[in-house]
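Below is one structure, written out as structure tokens; the observations come after it.
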Amino acid sequence: MSLKTYREAINEALLQEMKKDENVVVIGEDVAGGAGTNGEQDAWGGVLGVTKGLLKHFGRERVIDTPITETAIMGMASGAALTGLRPVAELMFVDFMGVCFDQILNQTAKFRYMFGGKAVTPLTIRTMYGGGLRAASQHSQCLYPMFTHVPGIKVVVPSNPYDAKGLLTQSIRDNDPVIFMEHKNLYDLSGDVPDESYSIPFGEANFTREGKDITFIGMGQTVDICNKVADTLKKEGKTSTVLDLRTLSPLDEDSILEASEETGKVVIVDESYPRCNIATDISALICQNSFDSLKAGIKMVTPPHTPVPFSPPLEDLYLPSEEKVLSAAKEIL
Amino acid sequence: MSKDLHPITMPKWGLSMKEGSISKWNKSIGENIKKGEMLLEIETEKVVNEMESPEDGTILKFCAKEGDTVPVGSLIALYGESGTSEEVINEFIEKFNSNFESELSKEVEEEENNEKVKIGDLDINYIKNLNSKDKNILFIHGFGGDLNNWMFNQDDLSKEFNTYALDLPGHGLSSKTIKDASLSFLSEIIIKFCEENSLSDINLVGHSFGAGIAIKCASENNDFVKSLNLISPIGLGDEIDASYLDNFIISDSRRDLKNELEKLYFDPEIINRDLVNEILKFKRIDGVSESLQLIKNEIINNEKQKINLRNEVDKLLIPTTIIWGKQDAIIPQSHTEKINEKINIKIIDDCGHMAHTEHPNEVNAIIRNTISS
């Protein structure tokens, strides 16, 4: 057990799974980097350095740099997965999914179903998402609701280093296509992470706080916001339950209902666009299954229905924040 | 300080405990308290437990109310002789708090005191609490447990003894992959652990499977093991809830595991989500399931216990106490029947398989008695 960042936890999961299974390969734009230069062995390793160091252990045969074409990356990785490898493909920014979505939506996600269960596609797609880095409308979106909408792919949104390592290990070992979503703002977050390999099963949400007065449900980066608001409320004498969804598909419906019934007052915090997002989906789930346990209307804290602004003051205003979550909570407390 | 004025402070249950919340005071101001009475209920990140009155007296003041969360060691109440003046009480509180604040600032440097020792190719993780006392205690946990199982025992007993608690191979922070899970192999590990720590004599406290290891150590090294406290030991009969061990190994979700863990306790309310999560974190590490399976195969054959230690127990010449929860649902308390009469038997009521966590004060008193007899 030692303190590691989210970035290091992801890197360690890749390193350990690649050592354990020679069928695991990493594919993407600049995942190795530095080809033909003096510093090749010490190259950057992805745009934010997550895959740094893998090249020297496994060489270019298994850490594969590609041209800038997401369609080719996903097509190549899906085919490789279908024919025996266990690829981890990188979609640098989730915003670029538009270019390659046919490979994911119509090919990868359908293989197991259309081939009568005879084809398995052990593909992991790692991708960066989320706002806060002043990266403007085309590099700041969340978009996980769009993947969650499609049956046949699993969607993972780790909120902390421990979960990042365990869930990525599970993603790689899983025999179905998995979209593994890394929030850019979390890479430097540190926490206790075992040095040994371990895997966290999909479909199990995690309770990070337990309380009696109000329930917060978050995913990815918003879990941290929920925890902080819960701690603020505790000082004022109100205790909160906080649920971290961990995976959006499969979704841990039992824990969502358990968490909401515990207090009867629910605030859902989701950084994705507000129409047809995870907050609306969960809200419907709660209303349909445990309406009688609710003591107040469900609150959803999301951005407005606009592209992510580039202007820093506007972006700050746009994203869910502790202040917004706290004031939503106080409306129903 | 007045000799009839005594502090009650937030206890430290286990290494990771930094603060606790007061969930309920069972007494009010001016009320008399008796030693051993349940005084209040405290909630930590991991457990909810009751704290007993340390002595007889009268509650004079609460310094923390229900719902308050305070650091370990903080003053939470005062008791003593009724009629003590407000002035004396306030003076005491002021003095206590100024001392406590200076203590608190010192403790920041305190590192986690998990240590590791290499035995063969295995790393064995342990915690020691040494006060240069002349007697040593070593705690050995059971199947699927770890050294934190002794959180209510180790700190308390460290007042009079040097205490050691270790993680067995395959458990806690020790090496997870083991090749041999036999009692003789594991008792060898215990002996070597004592050698590494230069312990020439030891009082062993073992739980369940760990109690089996303790018996093996004592029967093969009579001169060096000075006493035994065996909590719900294996090896004294053939009944055991074999499905508990199987399900503990395969349960991979919080809900499934919680259902299993509830079998361990008389009062299942003791189990909260954090406790279940800690155990899941351990179980999810590569190699753990295989090691637990290996241990299970040592203990069980065809739903029955296959280890019989009655002969070994009959031949013991050292002070030995067997402690058993009356409502133990894993290994029945009836295994204490027809035990050699030299051996003390203590049955605890309203108690399951985990007497040391469910009734720690009672168990600690029994351990003290065994060692001093």
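The values are calculated or read from the model by the stated rules, or taken from the named source; none is laboratory data. Note that the structure is a prediction, hence the values are computed from the model and not measured. All Cβ positions, glycine included, derive from the backbone under ideal geometry; neighbour counts span all protein chains shown.
Numbers at a glance
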read-out: Evaluation of B:Asn277 against (1) polar (S, T, N, Q); (2) under 22 Å from the mean Cα position of the chain (by Cα); (3) farther than 30 Å from A:Glu204 by Cα (one fails), failing number; value: (3)
read-out: Qualifying residue in region A:161-172 (condition: in contact with a Gly (Cβ under 7 Å, 6 or more places away or on another chain), at pLDDT 95 or above and over 25 Å from B:Ile250 (Cβ atoms)); value: yes
read-out: Qualifying residue in region A:20-36 (condition: closer than 30 Å to B:Leu173 by Cα, buried (at least 16 other Cβ atoms within 10 Å of the Cβ) and among the acidic types (Asp, Glu)); value: no
read-out: In region A:164-205, the residues that are more than 14 Å from chain B (Cβ to nearest Cβ), of a type in the set (A, V, I, L, M, F, W, C) and assigned to a loop (DSSP other than H, G, I, E, B); value: A:Leu189
read-out: Residues (in a strand (DSSP E or B), more than 11 Å from chain B (Cβ to nearest Cβ), hydrophobic (A, V, I, L, M, F, W, C) and closer than 19 Å to A:Tyr144 by Cα) located in region A:206-255; value: A:Ile217, A:Leu248
read-out: Out of B:Phe185, B:Phe100, B:Phe161, B:Phe193, sole residue that is among the aromatic types (Phe, Trp, Tyr), surrounded by fewer than 18 Cβ atoms within 10 Å (Cβ to Cβ) and either farther than 27 Å from B:Leu292 by Cα or in contact (Cβ under 8 Å) with a residue 24 or more places away in the chain (or both); value: B:Phe100
read-out: Criterion (at pLDDT 90 or above and in a loop (DSSP other than H, G, I, E, B)) met by exactly one of A:Ala13, A:Ala9, A:Ala32; value: A:Ala32
read-out: Residue match in region B:148-162 (condition: within 14 Å of another protein chain (Cβ to nearest Cβ) and part of a loop (DSSP other than H, G, I, E, B)); value: no
read-out: Filtered residues of region B:333-373 (kept if surrounded by fewer than 16 Cβ atoms within 10 Å (Cβ to Cβ) and farther than 19 Å from B:Asn203 by Cα); value: B:Ser334, B:Glu337, B:Lys338, B:Asn340, B:Glu341, B:Ile347, B:Asp349, B:Asp350
read-out: Flag for B:Asp134 being closer than 30 Å to B:Glu50 by Cα and either within 14 Å of chain A (Cβ to nearest Cβ) or surrounded by fewer than 21 Cβ atoms within 10 Å (Cβ to Cβ) (or both); value: no
read-out: Selection status of B:Leu257, closer than 22 Å to B:Gln305 by Cβ, in the same structural domain as B:Ile124 (by TED's automatic domain parsing) and not small (Gly, Ala, Ser); value: no
read-out: Residue list for region B:225-261, restricted to those being of a type in the set (D, E, K, R), surrounded by fewer than 17 Cβ atoms within 10 Å (Cβ to Cβ) and in a helix (DSSP H, G or I); value: B:Asp246, B:Arg255, B:Asp256
read-out: Set B:Ile322, B:Ile330: member being assigned by TED's automatic domain parsing to the domain that holds B:Phe185, assigned to a loop (DSSP other than H, G, I, E, B) and surrounded by 20 or more Cβ atoms within 10 Å (Cβ to Cβ); value: B:Ile330
read-out: Lone unmet requirement of (1) acidic (Asp, Glu); (2) crowded, with 19+ Cβ neighbours inside 10 Å; (3) farther than 26 Å from A:Val155 by Cα for A:Asp252; value: (3)
read-out: Failed condition for B:Asp252, given (1) at the interface with chain A (Cβ under 10 Å from one of its Cβ atoms); (2) touching a residue at least 60 places away in the same chain (Cβ under 8 Å); (3) within 30 Å of B:Glu43 (Cβ to Cβ); value: (2)
read-out: Residues satisfying the stated conditions in region B:64-87, i.e. part of a loop (DSSP other than H, G, I, E, B), over 18 Å from B:Thr44 (Cα atoms) and touching a residue at least 12 places away in the same chain (Cβ under 8 Å); value: B:Glu81, B:Ser82, B:Thr84
